[in-house]
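Visitor: Could you have a look at this structure, given as structure tokens, before my questions?
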Amino acid sequence: MASVIIPPVLSSPRDDAIQLHRAFKGFGCDTTTVINILAHRDATQRAYLKQEYKTMYHEELSKRLSSELSGNAKKSVLLWMHDPATRDATIIRQALGMGGELVVDLKAATEVICSRTPSQILQFKNIYFATFGVYLEHDIEYQASGDHKNLLLSYVGTPRYEGLEVDRATVEYDAKALFKAGEKRLGTDEKTFVQIFSGRSSAHLAAVSAAYHSMYGSSLEKAVKKETSGYFEHALLTILRCAEHPGMYFAKVLHKAMKGLGTDDSTLLRVIVSRAEIDLQFIKAEYRKKYGKTLNDAVHSETSGNYRAFLLALLGPNH
């Protein structure tokens, strides 16, 4: 069977701006049109569209969207309008309670920081400073503490190799060092965990995890869970799971956000919006494999209205 070819977007930023302006006019907003346009434009197209809209109508598109939409639909769309690095910087700033928010969400800040590649981190660090006039490290220093703070500071400050090559000897050395620092001794040498988890590439860490298992018969993930706790544990597990299988990691995060009574909407929309242009199709495949239902169906049953329509539009076909 031939694969489905999705035609490229043929409308220009100018056409989009005109259509959006029409959708905002009159009594009530034609949200369907707004969602249909915005959810199907990539970061570059959205940037051109924002520029065009401002030139034509002398107002910021995001400001207009903010006044036309509400609730989780508004939160999702406004988050989507950023380019990926600005979005990450904005999420982290808010999660650290620095954007006028009263609620600090260290778990969300940790997830974003520890699941990004070194080049993504460098980009959002630069934008963080340019936008908020303060270094990300300063805000981490202020809000986090202990081993968690040390790991985050080291993780955003250490350049790491992004390739797939690993050195077997160093891999075994690190596996031994982690065993010595944790399961082999009474108490935990957290410094070694910080040093290895923040200083090594994803490919290297995945290899260390495999070596650890074959050398000691138990998983590195179990060792982390046994030896650490709280936000420090969450950060280490995020780094490790994203090194091994980011698609699976985010499938689990999404499942947890929708499990049980009520939905953790801030996690749900944050993950879907921020992974949409990275690896959402892999996450969908992993979700279906692990939970026996599609991510689209899960989102459909946990959300409603414009919020549901927008997330489903980002998710794409239900297969």
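The values are calculated or read from the model by the stated rules, or taken from the named source; none is laboratory data. It should be emphasised that the depicted structure is a prediction, and the values quoted were computed from it without experimental measurement. Note: ideal-geometry Cβ built from the backbone for every residue, glycine included; neighbour counts use all protein chains shown. What goes into the accessible areas is simple: the full protein's heavy atoms, side chains included, and nothing from ligands, DNA or RNA. Shrake-Rupley method; radii C 1.70, N 1.55, O 1.52, S 1.80 Å.
Visitor: How much accessible surface does Arg64 have with a 1.4 Å probe, in Å² rounded to 10?
Guide: 50 Å²
Visitor: Spin-label point model (7 Å from Cα, Cβ direction): what's the His245 to Lys180 distance in nm?
Guide: The modelled label-to-label distance comes out at 3.1 nm.
Visitor: Further question on the same structure: What's the center-to-center distance, using Cα atoms, between the stretch 217-279 and the stretch 24-51 in Å?
Guide: After rounding, the separation between the Cα centres reads 31 Å.
Visitor: Please say if the stretch 128-204 is rounded, prolate or oblate, where rounded means a/c under 1.5 for a ≥ b ≥ c the square roots of the C-alpha gyration tensor eigenvalues, and otherwise the choice is prolate for a/b larger than b/c and oblate otherwise?
Guide: Numbers: a/c = 5.25, a/b = 1.47, b/c = 3.57.
Taking the square roots of the gyration eigenvalues as a ≥ b ≥ c, the stretch 128-204 is oblate.
Visitor: Sort the stretch 9-62 into rounded, prolate or oblate with this rule: let a ≥ b ≥ c be the square roots of the eigenvalues of the Cα gyration tensor; rounded if a/c is under 1.5, and if a/c is not under 1.5, prolate when a/b is larger than b/c, oblate otherwise.
Guide: Numbers: a/c = 1.84, a/b = 1.21, b/c = 1.53.
Cα axes put the stretch 9-62 in the oblate bin.
Visitor: Here's a follow-up. Tell me the carbon and sulfur percent of the accessible area for the chain, rounded to whole percent, probe radius 1.4 Å. Working shown, then result.
Guide: On the way: 8690 of 16130 Å².
Carbon and sulfur together cover 54 percent of it.
Visitor: Next question. Can you list the lysines whose alpha carbon sits under 16 Å from that of Lys63, skipping same-chain ones fewer than 8 residues off?
Guide: Lys25, Lys50, Lys54, Lys74, Lys75
Visitor: Near Lys180, which lysines are there with a Cα under 21 Å away, not counting those fewer than 8 places off in the same chain?
Guide: Result set, ordered by chain and number: Lys191, Lys222, Lys225, Lys226.
Visitor: For the chain, what is the mean residue ellipticity at 222 nm derived from helices alone (per DSSP H run of n ≥ 4: -39500 (n - 2.57); sum divided by total residues; nearest 500 deg cm²/dmol)?
Guide: Working: 20 runs with 227 residues, N = 319.
Roughly -21500 deg cm²/dmol at 222 nm, from the helical runs in the chain.
Visitor: If you wrap the stretch 256-319's Cα atoms in a convex hull and average its projection over all directions, what's the area in nm²?
Guide: So the Cα hull casts an average projection of 4.0 nm².
Visitor: Another question about this same structure. Provide the per-residue ³J(HN,Hα) series for the stretch 165-172, in order, calculated from phi with Karplus coefficients 6.51, -1.76, 1.60 and θ = phi - 60°, each as a whole number of Hz, with x at glycine and proline positions.
Guide: 6, 10, 9, 4, 4, 5, 4, 5
Visitor: So what is the relative contact order of the chain, in percent, for Cα pairs below 8 Å that sit 6 or more residues apart? Please list the in-between numbers first.
Guide: On the way: 348 pairs, mean separation 52.3, N = 319.
Across the chain, relative contact order equals 16 percent.
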